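Working notes, beginning with the structure itself.
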Amino acid sequence: MKLKRAVFPVAGFGTRFLPASKAIPKELIPLVDKPALQYVVEEAVAAGFTTAIFVTAEGKAAIEDHFDRNLRLEAFLASKGKEDLLRTVQQVGSLVEVVAVRQKQALGLGHAVLQAASLLGQEPFAVLLGDDVIVGDTPAIGHLAQVHRETGASVVAVMEVPQEEIARYGCVAAQPLGGGVFRVLDLVEKPAPHQAPSRLAIIGRYILTPAVLDELHRTPPDPSGEIQLTEGLRRTLRREPLYACTFPGRRYDAGNKGDFLRATVELGLAHPELGPAFRQFLQEVVRGLGATSA
Ligand code: UTP
């Protein structure tokens, strides 16, 4: 079955990015000159997805606006002869078909995905988290889609992380099948490092079958009141197989201030217009650091 729909849960408060995320959705904070979320939507488009379902919340309408046409701005740019900028804003406005649904309370990632259920029918779909920006030549979600086409099953992206960091992620116990693909045996959300079944952390890319939605409908909230996607997947394992796979590219957690800075530097260096001057600037900064530490 063709994969067309991609769900982007963007209803969280982004508390790790305060105060920047107080009035601006953290997903729209730019990495160089593009909102973090635009990189993630472009990844889905590059992998062939044609519909973006944003799960938004109060105060986040700017996300839909960003991916919509802005005819007044377009007319203004055209009247000023700013053809390059006109093309840039037209491109982002016509990237994908946009659908928005609301998550009225931030009750967890599983709950956010459930808000899109009535739009998904009985087709498999993708979930991409705007926090996880993956920089690379081929779209990471396309890699998962390929494993889904071969297995017909749900697939989660995984990455090896240092043991002391596993408590920040969902974690899988998995049997390696070769080529970076694993058969998932169990999942646990944010395990204590000494109890984690592996160092394979779930990263924000998923291809999910309708069975996962069925199970999420039945998944009770955890002690903090949230419905966890990881728990929904764990329950789905009882009725169908689940795969995990590593992915090409470098992943940044753009919801974390330190990683956001690192992503800004890498993307700044790779920027076709800004890159060369930025590289020179960084070299000066590094020389200055050498002089200070000498
Ligand atoms: P995070 O936990 O990383 O995002 O959830 P957050 O809650 O916005 O950020 P912090 O931790 O407080 O800084 C991962 C993704 O899931 C979405 C978030 O918007 C983010 O893109 N999410 C999370 C929802 O849409 N709804 C929720 O109830 C929780």
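Normalised by the number of residues in the chain, the average gap of Cα pairs under 8 Å and 6 or more apart makes the relative contact order 21 percent.
Eigen-decomposition of the gyration tensor built on the alpha-carbon atoms of segment 249-294 gives equivalent ellipsoid semi-axes of 22, 16, 7 angstrom, largest listed first. Give the Debye-formula value of log10 I(q)/I(0) at each listed q (0.13, 0.29 Å⁻¹), with one equal scatterer per alpha carbon of segment 1-65, two decimals each. Debye curve over Cα of segment 1-65, log10 I(q)/I(0) at q = 0.13, 0.29 Å⁻¹: -0.38, -1.32.
Taking segment 175-205 and a reference point 7 angstrom along Cα→Cβ of Asn256, the backbone N atoms nearer than 17 Å belong to 189-194, 199-205.
Over 28 Å between Cα atoms: which of Lys34/Lys190; Lys4/Lys190; Lys26/Lys104; Lys104/Lys190 fall into that group? Beyond 28 Å between Cα atoms: Lys34/Lys190; Lys4/Lys190. Projected over all directions and averaged, the alpha-carbon convex hull of the chain occupies 18.1 nm².
When a/c is below 1.5 the answer is rounded, else prolate if a/b is larger than b/c, else oblate, so apply that to segment 131-190 with a ≥ b ≥ c taken from the square roots of the Cα gyration tensor eigenvalues. Cα axes put segment 131-190 in the oblate bin. Of the complete DSSP H runs in the chain, those spanning 24 angstrom or more by Cα along the long axis with a mean Kyte-Doolittle score not below 0.0 are 275-293.
Between Leu216, Gly232, Gln163, the Cα set farthest toward the positive side of the dipole of segment 157-233 (charges on each charged residue's Cβ, about the Cα centre) is that of Gln163. Within the listed set Pro193, Pro35, Pro223, the residue fluctuating most in the Gaussian network model of the chain (springs between alpha-carbon atoms under 10 angstrom) is Pro223. A dipole drawn for the chain from +1 and -1 charges on Cβ atoms has a positive end, and of Leu71, Gln280, Val147 the residue lying farthest that way is Leu71.
Take His111, His271 and order them by how many other Cβ atoms sit within 10 Å, fewest up front.
In order of increasing Cβ crowding within 10 Å: His271, His111.
Please get the size of the charge dipole for segment 1-156, origin at its Cα centre, with Cβ charges of +1 on Lys and Arg and -1 on Asp and Glu, quoted in debye to the nearest 20.
Working: 16 positive and 17 negative charges, 72 e Å.
The calculated dipole for segment 1-156 is roughly 340 debye.
Using Cα centres only, tell me the gap between segment 179-229 and segment 100-128 in whole Å. For segment 179-229 versus segment 100-128, the Cα centre distance is 16 Å. Each Lys and Arg Cβ is given +1 and each Asp and Glu Cβ -1; about its Cα centre, the chain then shows a dipole of about 160 debye. Each residue in Val286, Val32 was given a count of other beta-carbon atoms within 10 angstrom of its own, and listing them fewest first yields Val286, Val32. Above 21 Å, the calculated P(r) of segment 211-294 contains 62 percent of its Cα-Cα pairs.
Across segment 244-269, the residues whose backbone nitrogen lies under 19 Å from the label position 7 Å along the beta-carbon direction of Phe13 are 255-257.
Estimated from helical segments only, the mean residue ellipticity of the chain at 222 nm is -11000 deg cm²/dmol, where each DSSP H run of four or more residues counts as -39500 (n - 2.57). Taken over segment 197-249, the alpha-carbon convex hull comes to 114 cubic angstrom per residue.
Going from the fewest other Cβ atoms within 10 Å to the most, the residues Leu282, Leu120 appear in the order Leu282, Leu120.
State, to one decimal in nm², a quarter of the convex hull surface area for the C-alpha atoms of segment 49-123, i.e. the direction-averaged projected area.
Taking the Cα atoms of segment 49-123, their convex hull projects to 6.1 nm² on average.
Using the Cβ-Cβ distance between Glu74 and Val45 with R0 = 35 Å, the FRET efficiency computed as 1/(1 + (r/R0)^6) comes to roughly 0.95. Note on the chain: GNM, Cα springs under 10 Å; of Phe49, Phe278, Phe260, the largest mean-square fluctuation is that of Phe278.
Here, each number is a calculation from the coordinates, and none is a lab measurement. All values derive from a computational prediction rather than experimental measurement. FYI the Cβ positions are ideal-geometry reconstructions off the backbone, even for glycines, and counts take in every protein chain you see.
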